[in-house]
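Accompanying notes for the structure given below.
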């Protein structure tokens, strides 16, 4: 008898519908991941009872753990479906959408809150026109290596899903935003907007609301040292607060 993959999917047709579980059985092939199993269901949308059902809805893009769009909760842990190998997962494999973001349908969630937060903290370096300004400021290899770790963030939402402070429709920004503030404030050119970014993380839902659970560090698929960024920002925001106090 051929080996079968059992997949239990937490589904809902729309954000207002109550969720329900549906089980699927897919023929096993070596080196399958959760995305390839979902693709098999898409090709032949029949559940374990043999009933033809609506194909499971999910989001994906790069399929190589770079974009973060296929993040979902797999066997109780938020991770990317493209890198979740079936051979390394206990069966039945349970997949459900992240709980800290609004549901769109089935396994797809709306991560707009993360991107809106990045806008709030100005996670970019503004361009002063398109003319050639010549080479930028030099950066030491040590600083470049430190900043590189924070550049790996793919806004996947794993840190938010694991964080006890991050709530659906809550004000807390999330650890990813603190990592990006640290990343851009450490850039020689990015420092021009340092005070604006620090003011943003000193606002409601900012750094002061972090409970220091450090779940984000354990959950981050890229191993980004988010606790280090939070500690550095704690010192930076303290200096910023005193500066604002005495400048007024």
Inset, instruction - May I ask you to compute the full-extension gain from residue 147 to residue 242, defined as 0.36 nm times their residue separation minus their alpha-carbon distance, rounded to one decimal in nm? - result: 31.5 nm
Inset, instruction - Return an integer: the convex hull volume of the alpha-carbon atoms of region 90-189, in Å³ per residue. - result: 155
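Under Stokes-Einstein, with the Kirkwood radius over Cα pairs standing in for Rh, what whole-number D in µm²/s applies to region 16-74 at 4 °C and 1.567 mPa s? Could you put the intermediate results ahead of the total?
Values: Rh = 13.0 Å.
It comes out at roughly 100 µm²/s.
Taking the alpha carbon gyration tensor of region 4-109, what are the square roots of 5 times its eigenvalues, largest first, to the nearest whole Å?
Value: 19, 18, 12 Å, ordered largest first.
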Inset, instruction - Evaluate the relative contact order of the chain (contact order divided by residue number), counting alpha-carbon pairs under 8 angstrom at least 6 apart; express in whole percent. - result: 16
Inset, instruction - Classify region 137-248 as rounded, prolate or oblate from the Cα gyration tensor: take a ≥ b ≥ c as the square roots of its eigenvalues, call it rounded if a/c is under 1.5, otherwise prolate when a/b beats b/c and oblate if not. - result: oblate
Legend entry - Alpha-carbon centroid distance for the pair region 25-82 / region 183-248, whole angstrom: 36
Inset, instruction - Could you tell me what percent of the DSSP beta bridges with both partners in the chain are antiparallel, to the nearest 5? - result: 85
Inset, instruction - May I ask you to sort 117, 238 by Cβ crowding, counting other Cβ atoms within 10 Å and putting the fewest first? - result: 238, 117
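Every read-out reported here was derived from the displayed coordinates using simple, explicitly stated rules and does not represent laboratory data. All values derive from a computational prediction rather than experimental measurement. Here the Cβ is made from the backbone with ideal geometry for all residues, glycine too, and neighbour counts use every protein chain on show.
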